[in-house]
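Structure, as structure tokens:
The values are calculated or read from the model by the stated rules, or taken from the named source; none is laboratory data. Owing to the predicted nature of the structure, the values given are computational and were not obtained by experimental measurement. FYI the Cβ positions are ideal-geometry reconstructions off the backbone, even for glycines, and counts take in every protein chain you see. For accessibility, only protein heavy atoms count, side chains too; no ligands or nucleic acids. Shrake-Rupley method; radii C 1.70, N 1.55, O 1.52, S 1.80 Å.
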Amino acid sequence: MSEKRLFGIRGATFCENSKDSIIKYTGDLCRMIFAENKLSAEDIVSIQFTITDDLDELNPATALRRNSDLGIDVAAVPLFCSQEPRIAGMPPKVIRVLVTTYMPFDAKVHAVYINGAQMLRPDLGESGK
């Protein structure tokens, strides 16, 4: 087995302030992160979300648990959510994620920014990778 090291994988999505939207886009975001980085549940240390203060219908950690087709069983993965600090001019309705995981030492991390959130990190390219 090759050696592994700890990585942080970032991502973000915009969504509406509704339970359905938060569930859908949290699931889409994490599903893409898991698939593009070839993650397995046993390698994930934790998943941390932040949300802007205008998203108050559902916690993204709860939303992630409501997605049954993630390709990974997140039941045993520690999930955490906090509110983004309010900054003048910041875009509204944003969910950000940081997945802390072990991956092969030479792995290439793929950040995922979807549903318009690519504008948050234009340095990562149009695809958000």
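With only Cα atoms counted, region 8-129 has Rg and Dmax values of 13.6, 39 Å. For the chain, averaging the sequence separation of C-alpha pairs within contact (under 8 Å, six or more residues apart) and dividing by the residue count gives a relative contact order of 42 percent. Of the accessible area of region 5-129, computed with a 1.4 Å probe over protein heavy atoms only, carbon and sulfur atoms account for 53 percent. Protein heavy-atom accessible surface, 1.4 Å probe, per residue over region 1-117: 53 Å².
Its DSSP H runs of at least 4 residues, each contributing -39,500 (n - 2.57), put the calculated 222 nm mean residue ellipticity of the chain at -6000 deg cm²/dmol, to the nearest 500. If you take all other residues with their beta carbon under 9 Å from the beta carbon of residue 50, and give Lys and Arg +1 and Asp and Glu -1, the sum is 0. Taking the longest Cα principal axis of the chain as reference, the axis of helix 19-36 is set at about 30 degrees.
Computed from the Cβ-Cβ distance with R0 of 41 Å, the FRET efficiency linking residue 6 to residue 69 stands at 0.90.
Sum up the charges of everything whose Cβ sits under 15 Å from the Cβ of residue 105, counting Lys and Arg as +1 and Asp and Glu as -1, but leave residue 105 out.
+1
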